[in-house]
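The structure appears below as structure tokens.
The values are calculated or read from the model by the stated rules, or taken from the named source; none is laboratory data. The structure displayed is predicted, hence computed values, not measured ones. Cβ atoms come from the backbone with ideal geometry, glycine included; neighbour counts cover every protein chain shown.
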Ligand SMILES: [Zn+2]
């Protein structure tokens with residue numbers, strides 16, 4: 001199996017679970033000019049897997065910006081924090 005292979009069925013389930021929204025900016029697929037991408041919450045390069053529990057939807061802009069990051073600087077506290085996880089955290 002290819003390192004980045006994700007079956008059509010898993011992709012369909014991820015898109016359904018994400019309600020066809022980017023998990024980060026909440027842009028709906030119908031308003032994004034490109035197809036929302038399946039992204040790895042924990043990047044493969046940081047030992048993430050292709051398991052469904054590690055996959056979510058992201059707009060291409062966010063996905064390129066996030067790249068292989070898992071932490072970031074919180075602008076309000078100036079602390080290094082884990083990036084938002086759309087599977088386990090709620091964002092309004
Ligand atoms: Zn987005």
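Residue by residue, here is whether (1) surrounded by 11 or more Cβ atoms within 10 Å (Cβ to Cβ); (2) at pLDDT below 95; (3) under 10 Å from the mean Cα position of the chain (by Cα) holds:
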residue: 3; (1), (2), (3): no, yes, no
residue: 6; (1), (2), (3): yes, yes, no
residue: 16; (1), (2), (3): no, no, no
residue: 19; (1), (2), (3): yes, no, no
residue: 22; (1), (2), (3): yes, no, yes
residue: 30; (1), (2), (3): no, no, no
residue: 40; (1), (2), (3): yes, no, yes
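Of all residues in the stretch 53-65, those that are out of contact with any strand residue (DSSP E or B) (no Cβ under 7 Å at 6 or more places or on another chain) and surrounded by 17 or more Cβ atoms within 10 Å (Cβ to Cβ) total 2. If only residues of the stretch 37-52 that are touching a strand residue (DSSP E or B) at 6+ places or on another chain (Cβ under 7 Å) and touching a residue at least 24 places away in the same chain (Cβ under 8 Å) are counted, the one that is nearest to residue 89 (Cα to Cα) is 41. Among the residues of the stretch 11-20, just one is touching a strand residue (DSSP E or B) at 6+ places or on another chain (Cβ under 7 Å) and more than 16 Å from the ligand (Cβ to nearest atom), namely 11. In the stretch 58-80, the residues that are closer than 24 Å to residue 32 by Cβ and free of Cβ contacts under 8 Å to residues at least 40 places away in the same chain reach residues that are assigned to a helix (DSSP H, G or I) and near the ligand (Cβ under 10 Å from one of its atoms) with C-beta atoms within less than 8 angstrom, at least six apart or across chains, in these pairs: 58/66. Is it the case that some residue within the stretch 63-70 is within 15 Å of residue 15 (Cβ to Cβ) and over 9 Å from the mean Cα position of the chain (by Cα)? Checking the stretch 63-70: not a single residue is within 15 Å of residue 15 (Cβ to Cβ) and over 9 Å from the mean Cα position of the chain (by Cα). Looking only at the stretch 21-31, residues that are part of a loop (DSSP other than H, G, I, E, B) and away from the ligand (no atom under 12 Å from the Cβ) come to 0 in all.
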